[in-house]
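Undergrad: Following this message is one structure expressed as structure tokens.
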Protein chains: 2
Amino acid sequence: MSKIKGTKAERELLKMLWHNGWATIRSAGSGSMKFPSPDLLAGKGERKLAIECKATADTSKYFEKEDIFELKEFGRMFGAEPWVALRFDREAWLFINPMDLDETEKSFSITKEKARMKGLSVEEVIR
Amino acid sequence: MSKIKGTKAERELLKMLWHNGWATIRSAGSGSMKFPSPDLLAGKGERKLAIECKATADTSKYFEKEDIFELKEFGRMFGAEPWVALRFDREAWLFINPMDLDETEKSFSITKEKARMKGLSVEEVIR
């Protein structure tokens, strides 16, 4: 995913979360520093969500193992639920529990089919 | 404060927080979107800190009223303590409770003297 397309997807989801009463910030990324950093961090009352956020035109999505490990580690340290938010072209956002990704030797992945089956809608996640 | 100097100050504080076991992200800013967004958001277990972060060469620091209102509002919605982190030249970071800022007609402000008196060190805040 291009950086511009990535930013657009993050902003779209950020806006949806705000409109549902969740205070949300978009990460500047760690730049040259090697600290983990989810794309979005959302909070409302007691619940916090650390979100890795991707849009794709493909029928499955691959993730660097490192990115998923870092998402989970950030969530554990910060005190936030780790989520992967995925949007396949012309479909609604799906929130995937990182545990539902399939692990291969070099990456994590999920097919569109499995994402539809296991994923939660925005409304279900923030309920 | 220049944007570059601001970013440098934010990164410096982010690093200190990570080194003390606080998972911290730097906000990308809201860009064209009008959502409030603190400079840093740090969490460890139950505690979360929303931090507006400034370095200054002056002997007092002024804040736009809007920035302080937004910091408090973000903290209330997200579920985070609102803090103003200030570093006067050649001094250590001081964490100021927004309630300790002085309100004038057009802004909030604090003198170096009052910041030293009321402010907490990084170690005190994250204890």
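The values are calculated or read from the model by the stated rules, or taken from the named source; none is laboratory data. These figures come from a predicted structure and were not determined experimentally. Here Cβ is always computed from backbone atoms with ideal geometry, including for glycine, and neighbour counts include all displayed protein chains.
Undergrad: Could you give me the residue pairs with C-beta distances under 8 Å whose first residue belongs to the stretch A:44-70 and is within 20 Å of residue A:19 (Cβ to Cβ) and at pLDDT 95 or above, whose second residue is part of a helix (DSSP H, G or I) and of a type in the set (Val, Ile, Thr) wherever it lies, and which are 6+ apart or on separate chains?
TA: What qualifies is A:49/A:125.
Undergrad: Just the residues that are part of a strand (DSSP E or B), within 14 Å of another protein chain (Cβ to nearest Cβ) and crowded, with 18+ Cβ neighbours inside 10 Å, please, taken from the stretch A:42-84.
TA: Result: A:42, A:43, A:48, A:49, A:50, A:51, A:52, A:53, A:82.
Undergrad: A follow-up question, please. Could you list, in sequence order, the residues of the stretch A:23-41 that are under 22 Å from residue A:124 (Cα atoms) and more than 8 Å from chain B (Cβ to nearest Cβ)?
TA: Result: A:39, A:40.
Undergrad: Among (1) within 14 Å of chain B (Cβ to nearest Cβ); (2) over 14 Å from the mean Cα position of the chain (by Cα), which single condition is residue A:90 missing?
TA: If we test residue A:90 against (1) within 14 Å of chain B (Cβ to nearest Cβ); (2) over 14 Å from the mean Cα position of the chain (by Cα), just (1) comes out false.
Undergrad: How many of the residues making up the stretch A:111-127 are crowded, with 21+ Cβ neighbours inside 10 Å and of a type in the set (Val, Ile, Thr)?
TA: 1
Undergrad: Going through B:16, B:117 one at a time, which residue ends up being among the hydrophobic types (A, V, I, L, M, F, W, C) and more than 15 Å from the chain's Cα centre (by Cα)?
TA: Result of the check over B:16, B:117: B:117.
Undergrad: A follow-up question, please. Which condition from (1) in contact with a Leu (Cβ under 9 Å, 6 or more places away or on another chain); (2) more than 29 Å from residue A:105 (Cβ to Cβ) is the one that residue A:46 breaks?
TA: (1)
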